[in-house]
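The structure under discussion appears below in the form of structure tokens.
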Amino acid sequence: MHELAVCQGLMRQIELLAQREQAECITAIRLSIGPLSGVEPQLLADAFPIASAGSIAEGATLEVESQPIRVRCLTCGAESDATMNKLVCGSCGDFRTQLLSGDELLLTSVELERRQHA
Amino acid sequence: MCDTCGCNITDGNRYLLEGDGKLARTESGREAVQVLEGLLSENDHVAAHNREHFDRHGVLAINLMSSPGSGKTRLLEETITALGDELRIAVVEGDLETENDAQRIRDKGVNAVQITTGTACHLDAHMVHGALHAVDLDDVDILFIENVGNLVCPASFDLGQHRNVTLLSVTEGDDKPAKYPVIFRAADLVLISKADLLPVLDDFSPSKAEGHLRQLASAAPLIALSAKSGVGLDDWLAWLREAREAVAAKVADGATVRPAIQPEGQQLHAHPHHHAHTHD
Ligand SMILES: Nc1nc2c(ncn2[C@@H]2O[C@H](COP(=O)(O)OP(=O)(O)OP(=O)(O)O)[C@@H](O)[C@H]2O)c(=O)[nH]1
Ligand SMILES: [Zn+2]
Ligand SMILES: [Zn+2]
Ligand SMILES: [Zn+2]
Ligand SMILES: [Zn+2]
């Protein structure tokens, strides 16, 4: 399972961001994870409490949204929905397509409380 | 370093960028900070750094991935035997526990660095960077990185390689690309290994395997080969020579080569990273 490793990388990103933004605590973390990213959202959610324990993000909610798998055909130009193991053009069937969305592995936003300056 | 370079942003998710500014108040009065950073940005930066090392030394780096036991080490042994006089080879071996594979390579007279990953089921760019310090890249033409035998995790971590090669042995079934789309989609070349067993495994059809691969919108070539009988080995060696020339030509142009399906964001991300070098 590599989700714990991914989560640990996420925590390092969060720590840097918290420093830069002078956050006192992180209350929510939003990710965008596509089905073709190779990361399983549920496993990541399971790993999160372990990776975040004792950190500035302990107790934060982790929200994961997924983008649909979409491809654009390089032959006929059509855009269509696709699935994990069928990424060919939905219109003409050609296999020369470009993935438009569905492989994201992104930290999209973070909700935080700032340190109060007296 | 590059918190705003937009790693991983594609046409499909670009709309996420369009919001009402970087900071917004949520209902609870907290601040929402938009980030849009690749989740593996730390790994990806070290990978870019590894790739710079390879390019500077004129080394072709190949990431070999497959299920456990598909024949990666055996193929490397035969490749060293066939190419040893022509090209200088080094190997980074990822293994959960043992040093066996590295020893098999060393027995062929080639430098092999073992990365024992313990519980980690994949290599990452940091591990490879660490291993590179035990390799004199000036003495190497091709560096093979034998990833941990696993069809799931290795595909998620860029190591800085130029090319991905995924092995599919004929004992595994020709529908593996449909079952593990992420790793097969990442392949620049698919090797159907243990092809000497095809006559006894009449339920494995190389053309069906190719069909499943094309369904993933992959244009990667397939080569059926056997490290045991030597069938198909020449095609593999020709592919290697060609990959070496392609990388050398790109580098001569001041660019680099990366595996075919790396996301648009990672290509945007190909800006030079001039970190201080204390180690070479
Ligand atoms: N028949 C046949 N057997 C092979 C061939 N290549 C490898 N094998 C056998 O398959 C087994 C596994 O081969 P390895 O080369 O160790 O496989 P690997 O992919 O390096 O394995 P891990 O590193 O454990 O993932 C060994 O018993 C090999 O002798 C081949 O071309 N034909
Ligand atoms: Zn089409
Ligand atoms: Zn960057
Ligand atoms: Zn091996
Ligand atoms: Zn370095």
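Just so you know, all these numbers are worked out from the coordinates, no wet-lab data involved. Predicted model, so just to flag it, every value in this text is computed and none were measured. Please note: Cβ atoms are built from the backbone with ideal geometry, for glycine as well, and neighbour counts cover all protein chains shown.
Put simply, segment B:101-177 fits an ellipsoid with semi-axes of 23, 16, 13 Å; these come from the alpha carbon gyration tensor as the roots of five times its eigenvalues, largest first. Proximity of backbone amide H atoms, modeled 1.01 Å from N, is registered between B:Q114 and B:E93 at under 5 Å, excluding neighbours fewer than 5 places apart on the same chain. Spacing of the modelled spin labels on A:Q22 and B:K179, each 7 Å from Cα toward Cβ, amounts to 5.5 nm. Aspartates and glutamates within cross-link reach of B:K228: Cα-Cα under 19 Å, excluding same-chain residues under 8 positions apart? Filter leaves B:E77, B:E78, B:D101, B:D107, B:E146, B:E172, B:D196, B:D202. Taking only the Cα atoms of chain A, the radius of gyration and Dmax are 18.1, 65 Å. Would you please state which residues of segment B:59-83 a label at B:R241 would reach in this model, taking the label point 7 Å out along Cα→Cβ and a backbone N cut-off of under 14 Å? Under 14 Å, as judged by backbone N against the label point of B:R241, lie B:82-83 of segment B:59-83.
Is the shape of segment B:89-144 best called rounded, prolate or oblate, per the rule: a/c under 1.5 gives rounded, else a/b larger than b/c gives prolate, else oblate, with a ≥ b ≥ c the square roots of the Cα gyration tensor eigenvalues? Oblate is the answer for segment B:89-144, as a/c is 1.5 or above yet b/c matches or exceeds a/b. Packing-based ranking of B:204-215, A:70-81 yields B:204-215, A:70-81, ordered from highest to lowest mean Cβ neighbour count within 10 Å. Rounded if a/c is under 1.5, else prolate if a/b beats b/c, else oblate: with a ≥ b ≥ c from the C-alpha gyration tensor eigenvalues square-rooted, which is segment B:47-113? It comes out oblate by the Cα gyration axes.
Summarising the strand pairing of the protein assembly as shown, around 45 percent of its internal DSSP beta bridges are antiparallel. Here the gap between B:R106 and B:L201, fully extended at 0.36 nm per residue and compared with their Cα-Cα distance, gives a gain of 30.9 nm. Distance from the C-alpha centroid of segment A:24-53 to that of segment B:41-55: 24 Å, rounded to the whole angstrom.
In plain terms, the bigger the Kirkwood radius, the slower the diffusion; for segment A:47-114, with that radius from Cα pairs, at 25 °C and 0.890 mPa s, Stokes-Einstein puts D at 168 µm²/s. The ellipsoid that matches the Cα gyration tensor of the protein assembly as shown has semi-axes, each √(5λ) in whole angstrom, of 37, 25, 19, with the longest given first. Residue by residue, segment A:54-67 carries 3J(HN,Hα) couplings of x, 9, 5, 9, 4, x, 5, 8, 10, 10, 10, 10, 10, 8 Hz when phi is fed to the Karplus relation 6.51 cos²θ - 1.76 cosθ + 1.60 (θ = phi - 60°); x denotes Gly or Pro. Shown here: segment B:146-235, whose C-alpha atoms stretch 36, 25, 22 Å along the first, second and third principal axes, sorted largest to smallest.
If a paramagnetic tag sat 7 Å from the Cα of A:R12 along the Cα-Cβ line, which residues of segment B:101-130 would have the backbone N under 13 Å from that point? Flagged as within label range: B:124-130.
Inter-chain Cβ neighbour count for A:66-72, averaged per residue, equals 2 (cutoff 10 Å, partner chain atoms only).
Mean partner shielding of peptide A:26-33, defined as the number of other chain Cβ atoms within 10 Å of each residue Cβ, is 3.
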